[in-house]
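To keep things clear, I will list the structure first and then write my remarks on it.
The values are calculated or read from the model by the stated rules, or taken from the named source; none is laboratory data. Bear in mind the structure is a predicted one, so any value in this text is a computation, not a measurement. Quick reminder, even Gly has a Cβ in these numbers, built from the backbone with ideal geometry, and neighbours come from all protein chains shown. Each accessible area value is taken on the protein alone, full model and side chains, heavy atoms only, with ligands, DNA and RNA left out. Shrake-Rupley method; radii C 1.70, N 1.55, O 1.52, S 1.80 Å.
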Amino acid sequence: MTTDREADANRLAAQSLAQDDPTGWFERLYAEASTGSAVVPWDRGGPNPLLVDWAAERQVVGSCRRALVVGCGPGYDAEYFSTLGFETTAFDISPTAIELVQERFPDSAVEYRCADLLDPPAEWDANFDLVVESFTVQSMPVSVRGTAIEQLRRLVAVGGELLVVAGIRGEGEEVDGPPWPLTETEIRSFARDGLEVQTLEQVESRWRAVFVRGDNTSS
């Protein structure tokens, strides 16, 4: 069921999909939001509590470590991981989103970039100790989901972690998105190309999973 907060995203996504442009609606949504004519449904005024709770439970310290926040949107998640000491890079496909987040946090230590998850910069390959994916993959239609997940795997450094938060969808369940939440098969598909499941849990009707890339150096 579509909520009022999701109405603008659904309208613009439907237009983009009709034009065979599965990600173009993000820029349109942020552009409309910048004029007050649309609502960004995931802009909740603070970092995702499931990320905050995970970091607090593990007493995560980011000193001398690099983090990448995927689909950073309003920037709250990126700013949070920066406060933990990570050298943080965050990106979004929407130029307007990046402009808005830089205006919101003018003195931020985060490096905000405009980039496409389906074709991320080559210099990011295996370059991050922590990659944070919160609700971005589920905002993409199934037609590009496999590519998005494959590109995410590339970004995790040896010994690094990929943290994923997503909605839950039953196997075979049809959903009129966005979002298009992930089935268990889809969430487990992150564990390929050297990544292994460290934890996979259901928290507040959400998946929260951590995948790790083992240290390949021999002892």
* How many nm is it between the label spots at V197 and R104, if each spot is 7 Å from the Cα in line with the beta carbon? -> 3.3
* Cα-centred dipole magnitude for segment 4-105, charges only on beta-carbon of K, R (+1) and D, E (-1), debye, nearest 20 -> 300
* Which FRET efficiency value, to the nearest 0.05, is calculated for D119 and Q59 with the Förster distance at 45 angstrom and r the Cβ-Cβ distance? -> 0.80
* Structure fact -> At the level of C-alpha centres, the distance separating segment 21-56 and segment 73-144, in angstrom, is 12
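Checking the a/c ratio against 1.5 first, then a/b against b/c, what shape does the Cα gyration tensor give for segment 1-109?
Note, shape of segment 1-109 comes out prolate.
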* Asked: Taking only DSSP H segments of four or more residues, each worth -39500 (n - 2.57), what value at 222 nm results for the chain once the sum is divided by all its residues, to the nearest 500 deg cm²/dmol?
  -> -9000 deg cm²/dmol
* Determine the gain in length on full extension of the stretch R154-I168; use 0.36 nm per residue of separation and subtract their C-alpha separation, reporting nm with one decimal. => 2.6 nm
* Structure fact -> Note: probe point = Cα of D20 + 7 Å toward Cβ; backbone nitrogen < 16 Å; residues of segment 113-152 passing the test are 143-144
* Structure fact -> Compactness summary of the chain: radius of gyration and Dmax from Cα atoms, Å, are 16.6, 58
* Global size of segment 130-219 as Cα Rg and Dmax, reported in angstrom -> 13.2, 50
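Heavy atoms only, probe 1.4 angstrom, no DNA, RNA or ligands counted: give me V203, V39, V142 ranked by accessible area, highest first.
Putting V203, V39, V142 in descending order of accessible area: V142, V39, V203.
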* Asked: Any idea what the dipole of the chain comes to, in debye rounded to 20, about its Cα centre with Lys/Arg Cβ at +1 and Asp/Glu Cβ at -1?
  -> 320
* Over segment 12-152, average the accessible area per residue using a 1.4 Å probe and give it in Å², no decimals. => 43
